[in-house]
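Reading through the structure tokens given below for one structure.
Derivation of every value follows stated rules applied to the coordinates shown; laboratory data play no part. Here the structure is a predicted model, which is why all the values come from computation and not from measurement. When we count neighbours, we look across all protein chains shown, and the Cβ atoms used for this are built from the backbone with ideal geometry, even at glycine.
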Amino acid sequence: MSEIKKIKNLKEFSTSADRFEGANLLCPGCAHSIIVREILNATNDDLILGSSTGCLEVCTAVYPYTSWDNSWIHIGFENSSTAIAGAEAMHKAKKRKGTLISDRDPKFVAFGGDGSTYDIGFQWISGCFERGHDMMYVCLDNEVYANTGGQRSSATPIGSSTVTTPAGSHSYGEKKDKKDMLSIMAAHNAPYVAQVAPNKWKDMIKKIQTGFATEGPVYINAMSACTTEWKFDPADTIAVSDLATDSLVFPLYEIINGTELNITYRPKNIVPVKDYLGAQGRFKHLFKPENAHVLDEWQKRTDAKWDLLQRREEARV
Ligand SMILES: Cc1ncc(C[n+]2csc(CCOP(=O)(O)OP(=O)(O)O)c2C)c(N)n1
Ligand code: SF4
Ligand SMILES: [Mg+2]
């Protein structure tokens, strides 16, 4: 059983670079690095980490340099999950045989973007969860294939203009709504799944520490604001993230053992969804009169999803 790390204050927590260096090539204001640091700084345990191909991997491991002060594996776009599951299985086998060189049990964490998680690596993640590996899988969900120039993924929300769903005179951008990955992962009977956002750092610490204390596969869906593809000023990452959580576009909740749903953040003042959309260039065409129906649809869907979450919390289903 790992010891729970005591976090004294935000400054110490957010600036400590013992595990993940500030020296990396991510865009200024990229939420990926904030989230990674929040996760790694939430524990004192030894860590075995992996990253799928994507912005995080490409920008933190430029040969011969690395930003990672832990064991770290990069394998393919689709399979950081399986690489980490393999490391976890090997650790267990060596422990059983008594051939480990240290008596400390590390934590095993795989990172992947939404393209890697929701789409191309999905079957590998599903397999790891079905087999019940003792690992945490973290999706850095920026709702787009950022590293390859901004193609839509199945996490891209309605109305978003991407290079493969461009808004113009004949289109308002992405037509479909994003996949509900948390429900899909909960349906694997995972002992713990949770949605987190970097602006709500105390909520993040609590969930990550719960995840590390849980035996079995843990899924974390982390909203990761992307200054380049969402098109906002790099100084506004946390402000945009606040709008996401306070408009309930990105609700914060957890699901334990597939059924026990807890909402972990209820904004005192819920802000209109259009305030969140209006802060980002990827949605700017939605404010043209001909696209007013998409703005209405956004608000309606967000209200309906929040209502459903509250009913699921009450019903424990
Ligand atoms: C099997 C395979 N398909 C496609 C690629 C090309 N590729 C590399 S990174 C990337 C986009 C990554 O998107 P995402 O997983 O959302 O991470 P982000 O860069 O947005 O953080 C793609 C398509 C690849 N490396 N391997
Ligand atoms: S493109 Fe987006 S996800 Fe990639 S490094 Fe820049 S801000 Fe981060
Ligand atoms: Mg992405």
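Give me the distance between the Cα centres of the range 128-197 and the range 252-270, rounded to whole Å. Each part reduced to its Cα centre gives a spacing of 19 Å.
Taking N as the residue count of the range 8-78, its C-alpha radius of gyration divided by 2.2 N^0.38 Å amounts to 1.08.
Cα-based radius of gyration for the range 10-315, normalised by 2.2 N^0.38 Å, reads 0.98.
Return the tail of the calculated pair distribution for the range 1-121, meaning the percent of Cα-Cα pairs more than 17 Å apart. Tail of the P(r) past 17 Å holds 61 percent of the pairs. Helical content of the chain, expressed as a calculated mean residue ellipticity at 222 nm, amounts to -10500 deg cm²/dmol (DSSP H runs of 4 or more residues, -39,500 (n - 2.57) each, divided by residue number, nearest 500).
Projecting the Cα atoms of GLN299, THR259, THR82 onto the dipole axis of the chain, where Lys and Arg carry +1 and Asp and Glu carry -1 at the beta carbon, places THR259 farthest toward the positive end.
Here's how it looks for ASP46: its modeled amide H is under 5 Å from those of LYS107, which are all 5 or more places away or on a different chain.
Note that the range 145-153 has calculated 3J(HN,Hα) couplings of 7, 6, 5, 9, x, x, 7, 5, 10 Hz, one per residue in order, obtained from phi through the Karplus relation 6.51 cos²θ - 1.76 cosθ + 1.60 (θ = phi - 60°); glycine and proline are x. Pick out which of LEU286, LEU248, LEU100 has the largest mean-square fluctuation in a Gaussian network model of the chain, springs linking Cα atoms closer than 10 Å. With Cα springs under 10 Å in the chain, the top fluctuation among LEU286, LEU248, LEU100 is at LEU100. When every alpha-carbon pair in the range 71-131 is counted, what percent end up more than 20 Å apart? Of all Cα-Cα pairs in the range 71-131, 31 percent lie more than 20 Å apart.
Cα centroids of the range 200-220 and the range 1-69: 15 Å apart. In the range 141-208 the Cα-Cα distances spread across 10 Å bins starting at 0 as 19, 34, 32, 13, 2 percent of all pairs. Checking every one of the GluC sites (Glu not before Pro) in the range 206-287 against DSSP loop status and a limit of 10 other Cβ atoms within 10 Å picks out GLU215. Based on every Cα atom in the range 213-277, Rg and the maximum pairwise Cα distance Dmax equal 14.3, 40 Å.
Counting only Cα atoms, the range 103-157 measures 44, 22, 17 Å along its principal axes, largest extent leading.
Largest GNM mean-square fluctuation among GLY98, GLY115, GLY211, using the chain with Cα springs under 10 Å: GLY98. The angle separating the long axis of helix 80-97 from the principal Cα axis of greatest extent in the chain is about 20 degrees. With q set to 0.18, 0.27 Å⁻¹, the log10 of I(q)/I(0) for the range 54-96, from the Debye formula over equal scatterers at the Cα positions, is -0.62, -0.99. Which of ALA186, ALA17, ALA225 moves most in a GNM of the chain, Cα contacts under 10 Å? Comparing ALA186, ALA17, ALA225 in the GNM, the peak value goes to ALA17. For the range 165-263, the fraction of C-alpha pairs farther apart than 19 angstrom is 51 percent.
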